[in-house]
Amino acid sequence: MAKYVYNFGKDGTDGDATMKNLLGGKGANLAEMAKIGLPVPSGFTITTEVCTYFYAHGQQYPPELEAQVNEAMAAIEKTMGKKFGDTKDLPLLVSCRSGARESMPGMMDTVLNIGLNDKTVEVLAKKSGDERFAWDCYRRFIQMYGGVVLDMKPKTKTDHDPFEELLEKKKEKAGVTEDADLKPEHLKELVKEFKAAVKKQTGKDFPDDPMEQVWGGVGAVFGSWMNDRAIVYRRMYGIPHEWGTAVNVQAMVFGNMGNDCATGVALTRNGATGEKGITGDYLINAQGEDVVAGIRMPKKIEESLPKDMPRSWNQFEQVALRLENHYKDVQDIEFTIENQNLWMLQTRNAKRTGFAAVRAAVDMVNEGLITPEMAIARIPANDITQLLQPVFSGAGLKGKQEIAKGINAGPGAATGQIYFQPDDAEAAFNKDNNAKIILVRLETTPEDLRGMKVAKGILTARGGAASHAALVSRQMGKACVCGCDAIGIDYKAETMTVGSKTFKKGDWISVDGFTGKVYEGEVPTSPSEVLQVLFEKSLKPKDAPLYQCFQQLMSWSDRFRKLGVRTNADNPKESTQAVALGAEGIGLTRTEHMFFDHIDDFRKMILSETVADREKALQPLLKYQREDFEGIFRAMAGRPVTIRLLDPPLHEFVPHEDKEQADLAKKMGIKAEDVKRRVMELHEFNPMLGHRGCRLGVVYPEITRMQATAICQAAVNVMKEGIDCHPEIMIPLVGNITEYRNQEKIIREAATKVFKDAGVTPDYLVGTMIELPRACVTADKIAEGAEFFSFGTNDLTQTGLGISRDDYGTFINEYREMDIFSDDPFQTLDQEGIGGLMKIAVEKGKSTRSDIKLGICGEHGGDPASVKFCHKIGLNYVSCSPLRLPVARLAAAQAAIQEKKEKATKKSSSGCECCKDGGCKCCCCCKCGCRG
Ligand code: PEP
Ligand code: MG
């Protein structure tokens, strides 16, 4: 019989930490904690397979499930020594929580205090000796169950929450402002009123039967896998919808049973900075959701728990340390202290910023806890860009008014316009993708995810370092200041007040997630610590601890990676910066960018009517290009430099407005009509696929000749200065060997002439971009001439998918929302389609020229998943913009480490590679004697 339910607790645990796919992260870790003897309230996990079944069978459960759940409930009763629904003795209450393979903080539903009804609440009151506690649990239960299971949560921002309204009224009537000041009789009245509200809205009585309540909770948790915010979250983090969630049903322990009780969340290292030491929030006499929701201002664990509850703190500190050593990673822990006894409710690898990820990983290697390989493998490669982002400092802050200070929950500097409502923020962003938005909220909830996603920074009035706002913004890499209690927010009036100042929606503020400070207006930023060391040289490495961690991680990455890493750069400054960030060469210089600095001369060449005129017009351009290339060769100091010949259609360089055309005609001493006519001739309806790429050089060979001459002259000049040069001349948009040969001939003739005249011959290559499907399928032919291929995946994606790279913004969001595309194909390589074409080109290219040099220079060269794909198909290097280089270095190392791991697993499971003997590699067992 299929097993759908796994028990955990001190009397027997079925699962462990390796079973995340089946038990979800929470379930697997609860089982692991129970297994290693930590105090975990007993419970059971319903597997993710049940979730898959549930959605495949019209929200029905497998028939075997009910009996397995009943048996597991009996096991909890036995271990905890309490009965579920007991009307005589202290009753067992349970919680019901989600738990997917990857944690999705706050995105799915939870129900606490299941098992309470009008009878059990009386026993709970009597046996606990605390009537207020019992009735407070009961009213919370109805409120939570009503919202989550009975679907009574407000649907829009203008809807009212019936339970909150009744609670507010009750407090008003009782003359109190805090929930905690309501007396038992108020809570009893509230329970009645809540139940009446349920009957009114749903037409049914609130369920009294504890088992019915359990099934209600289980169904709601499975149902929440498909709620809007969970879907958005999965899309954002690439979590497959098919995975499903597990459900954890667990005995309740109470942090709200008096002043020797507490509940909290903690990280074993700082989630924002990575510094060692426990950080977190807790509340005395409260339930878990109070801490993360930011409704009450929590206390800092590291500051006051040792004083408030010394015994529990000691126990907690030991458990936290043990968990970090056990999992060898920063842990995010949920706990409850019930009458001074510590209970562990959850542990998981903590979400952290890029700063914290790098710092903690590097520290852990230096502490001997993990290996450099483990450090590299665990840092999401994209997160390292956070270390390069600008900060507020020095001159930028001069004269700026600090208006408030909160908790520095998500490092980064953000400046933008205030928005109070997440959907308004989203609408503003959809209108203008460059909109700078600061989302200002009392506290955030998972409903705010879309607004948080589009904001540059997040500011909340309530909540601590472990609040939802802090957690989610850290994961998103957004600047976040939370718990800023100096600000007052009026959602209705859409204003934020600080002291006597009022800020309206649309006003500019700046938030500094490093210091927790909030400033009025826009604050200009300065370069990050890493760039101050590498680019500006205004900081010494020894004074820059973050830089030191960054550098250590990069040097480990370079040790493991097999892929080369180059940059796309068009001038000496970019080239120098790229070298500082680890570039081993240039993978793409777009020569057309240089022409914009000499646009009049370039336009003269374009407007030439005859070959002779054009050749004349090319003369000054030859000089400019040569000087530009010399600068780049010097900056690259002997590293290979791939220079692409002119690619874009000429119409991109000519003026289209009447006035501009008239000005140009005047400058050139020709008639305005002639300029207009030539512009008309150059006009194209589909410029991406018209007269561009090598087609320009085929029709105007003198352009190719000039560019090849400029490159070769620059190389020999720089070599004469004693600097080595390795130019790689790249022909764009080749689809046919005949096009390639046509251009190659011109290039080689020009090179031979220059080298002969100079008496110096650099080591140079001629090759091509591969950016058309035809080039991929005829790559064996093209490789007869081309010494290297560089995949231009921007164009290969547009031509392979038949989607214009400039016009896909009109539908891509819908495609992503509808899961037609899992990623934006212009950012992350479509491995199946475009990647398939690349594989063909690699195989065919190598079949003709086994040592052909293979690279990629499209935007995908700086995207982690695409870099890993490039490693897999055997490219020699990836090339990306300078600031993406650290991402590429890290991703390339991750790919190599992953491959090594896979090979080791394959080897140990299949034994000897030659004779396929089993795992044992001893001389007797391995038939061929190679010992695997
Ligand atoms: C490409 O097409 O991938 C490429 C690098 O060239 P461009 O973006 O200049 O067309
Ligand atoms: Mg291209």
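When the alpha carbon gyration tensor of segment 267-374 is reduced to an equivalent ellipsoid, its three semi-axes come out at 26, 15, 12 angstrom, largest first. A straight Cα-to-Cα reach below 18 Å connects K199 with the aspartates and glutamates D118, D151, D161, E164, E165, E189, D208, D209, E212, residues fewer than 8 places away in its own chain not being considered. Volume per residue of the convex hull around the Cα atoms, evaluated for the chain, comes out as 212 Å³. By accessible area, using a 1.4 Å probe on protein heavy atoms only, segment 563-675 has 49% of its surface on carbon and sulfur. Express as a percent, rounded to the nearest 5, the fraction of DSSP beta bridges in the chain (both residues included) that run antiparallel. Of the beta bridges lying entirely in the chain, close to 60 percent run antiparallel. Report the rotationally averaged projected area of segment 535-652 based on its alpha-carbon convex hull, in square nanometres. If I average the Cα hull's projected area over directions, I get 9.6 nm². Segment E102..K10, full-extension length gain: 30.6 nm, with 0.36 nm per residue of separation and the alpha-carbon distance subtracted.
A simple spin-label model places the labels of H160 and K562 6.7 nm from each other, with each point 7 Å out along Cα-to-Cβ. With the Kirkwood sum run over all distinct C-alpha pairs, segment 794-838 has a hydrodynamic radius of 10.6 Å. With protein chains left intact and a 1.4 Å probe, residues in the chain average 42 Å² of accessible area per residue. Okay, which of segment 233-265 sit inside 19 Å, backbone N to the point 7 Å along the Cα-Cβ direction of K901? Under 19 Å, as judged by backbone N against the label point of K901, lie 238-240 of segment 233-265.
Fully extending the segment from K501 to E627 would add 39.8 nm, taking 0.36 nm per residue of separation and subtracting the current Cα-Cα distance.
A quarter of the convex hull surface defined by the alpha-carbon atoms of segment 571-707 gives 8.9 nm² as the mean projection. Extents of segment 453-532, largest first, come to 41, 28, 22 Å (Cα atoms, principal axes, whole angstrom). Checked against a 21 Å cut-off, the cross-linked pairs K300/K504; K26/K906; K276/K299; K753/K846; K88/K195; K83/K127 give Cα-Cα distances beyond that limit for K300/K504; K26/K906; K753/K846; K88/K195. Using a simple spin-label model with pseudo-atoms 7 Å out from Cα toward Cβ, D424 and Q201 lie 2.5 nm apart. P(r) for segment 683-801, from all Cα pairs and a bin width of 10 Å, is 14, 41, 31, 13, 2 %, short bins first. Under the convention that each Lys and Arg Cβ holds +1 and each Asp and Glu Cβ holds -1, the size of the dipole of segment 660-704 around its Cα centre is about 40 debye. Between A612 and S555, how high is the FRET efficiency from 1/(1 + (r/R0)^6) when r is the Cβ-Cβ distance and R₀ = 51 Å? Nearest 0.05. Here the calculated transfer efficiency is 0.35.
Scalar couplings 3J(HN,Hα) for segment 40-56, obtained by applying the Karplus form with A = 6.51, B = -1.76, C = 1.60 to θ = phi - 60°, are 10, x, 4, x, 8, 10, 8, 6, 5, 4, 5, 4, 4, 4, 4, 7, 7 Hz; x denotes Gly and Pro.
Computed from the alpha carbon positions, the gyration tensor of segment 327-420 leads to an equivalent ellipsoid with semi-axes of 32, 23, 12 Å, biggest first. Spread over its residues, the convex hull of the C-alpha atoms of segment 149-269 is 204 Å³ per residue.
How big is Rg to Rh over segment 1-91, alpha-carbon atoms, Rh as the Kirkwood inverse-mean-distance radius? When Rh is taken as the Kirkwood radius, the ratio is 1.01. The trypsin sites (Lys or Arg not before Pro) of segment 64-126 that meet both conditions, a loop assignment by DSSP and at most 12 other Cβ atoms within 10 Å of the site Cβ, are K88.
Each listed q (0.13 Å⁻¹) maps to a log10 I(q)/I(0) for segment 405-518 from the Debye sum over equal C-alpha point scatterers, namely -0.38. So how far apart, in nm, are the two label points at A637 and D490 if each is 7 Å from Cα heading toward Cβ? Here the modelled spin labels are 6.2 nm apart.
Measuring spread by the Cα atoms of segment 752-861 yields a radius of gyration and Dmax of 17.3, 62 Å. Loop-located trypsin sites (Lys or Arg not before Pro) in segment 417-510 (DSSP state not H, G, I, E or B) with no more than 13 neighbouring Cβ atoms inside 10 Å: K492. Rounded to the nearest whole angstrom, the semi-axes of the ellipsoid equivalent to segment 514-579, taken from the Cα gyration tensor as √(5λ), stand at 27, 18, 12, largest first.
In segment 77-181, the alpha-carbon atoms span a convex hull of 140 Å³ per residue. Principal axis extents of the C-alpha atoms in segment 39-123 (largest first, rounded to whole Å): 42, 31, 28.
The GluC sites (Glu not before Pro) of segment 644-735 that DSSP puts in a loop, and whose beta carbon has at most 11 other beta carbons within 10 Å, are E657, E721. Calculated mean residue ellipticity, 222 nm, the chain: -14000 deg cm²/dmol, from DSSP H runs (n ≥ 4) at -39500 (n - 2.57) each, averaged per residue and rounded to 500. Applying 0.36 nm per residue to the separation of N571 and I723 and subtracting their alpha-carbon distance, the gain on full extension is 53.0 nm.
The values are calculated or read from the model by the stated rules, or taken from the named source; none is laboratory data. In this text the structure is predicted, and so the values were computed from the model without any measurement. Neighbour counts are summed over all protein chains in view; Cβ atoms, including those assigned to glycine, are modelled from backbone coordinates with ideal geometry. Accessible surface is based on the protein model in full, side chains and every heavy atom, while ligands, DNA and RNA are left aside. Shrake-Rupley method; radii C 1.70, N 1.55, O 1.52, S 1.80 Å.
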